[in-house]
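Colleague: The structure's right below; bear with me while I get my questions together.
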Amino acid sequence: MHWNSGRCHCGNITVQIALTENPETYRPRACDCEFCRKHGAAYVSDPNGSLLIHTIEPQLSSRYRQGNGGAEMLLCGRCGVLIGALYADAGHCLGVVNVRVLEAIALGSPETVSPKTLTASAKVERWHRLWFRDVQGA
C-alpha cells in the first residue's frame, strides 16, 4: 500500500488515502464541469484502496450537490477548500479525493474527463468502478 494524507487549508478536514499501486501510475481525473473547473479540481481514487476522512468540527464542513445531484461535494465551510466527492448507495459510501488537498505525492499527468455527458445511471456505474469503496468517516 502507498499511503498519503492531506487536509483543507485550515486543517478542519483531513484525509488519508491508501493506494494499491505506485502513485505515479494514477492519472488524476480533471472534471470539465463548471464547478470542478472553478475549484481547479482533479480527482484520484482506487476501488481497492481506502479513504479515511476526519473532520474536527463537523458543523464547519459543507456538502453541495450539483449536476444531477447524485454525488455530494465535500468542502470545508471555514476555508472553502474542495476535499472531494462522496456517493451513498444503500448505506455504503464511495468517495474520491481532490489531489490538490494531498501532501507531496507524485501522480501521473491529469486527464480531462466529462462526466456531464453521462446519464445519471452511467455516472453511478462509473463511480462504482473507479471510486474508493472503503470510505470511513464520511
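Bear in mind these aren't lab numbers, they're just calculated from the coordinates by the rules spelled out. On a predicted model such as this, the values are computed, not experimentally measured, just so you know. Positions of Cβ are generated from backbone atoms using ideal geometry, with glycine treated the same way; all protein chains shown enter the neighbour counts.
Colleague: Roughly how many Å is it from the Cα centre of the range 31-61 to that of the range 71-125, as a whole number?
Modeller: Going from one Cα centre to the other spans 4 Å.
Colleague: Could you tell me how many cubic angstrom of Cα convex hull volume the range 72-115 has per residue?
Modeller: 118 Å³
Colleague: Report, to two decimal places, the Cα Rg of the chain normalised by 2.2 N^0.38 Å (N = number of residues).
Modeller: 0.96
Colleague: Now a separate question. log₁₀ I(q)/I(0) of the range 96-138 at q = 0.20, 0.24, 0.34 Å⁻¹, via Debye over equal Cα point scatterers, no solvent, to two decimals?
Modeller: Log10 I(q)/I(0), no solvent term: -0.89, -1.08, -1.17.
Colleague: Moving on to the next point. Measuring from label point to label point, each 7 Å out along Cα→Cβ, what is the residue 126 to residue 59 span in nm?
Modeller: Calculated label separation equals 3.7 nm.
Colleague: For a label point 7 angstrom out from the Cα of residue 109 toward its Cβ, which stretches of the range 44-61 have the backbone nitrogen within less than 16 Å?
Modeller: none
Colleague: Once label points are set 7 Å from the Cα along Cα→Cβ at both residue 117 and residue 48, what is their separation, rounded to one decimal in nm?
Modeller: 2.9 nm
Colleague: Which whole-number percent gives the relative contact order of the range 42-138, counting Cα pairs below 8 Å spaced six or more residues apart?
Modeller: 41 percent
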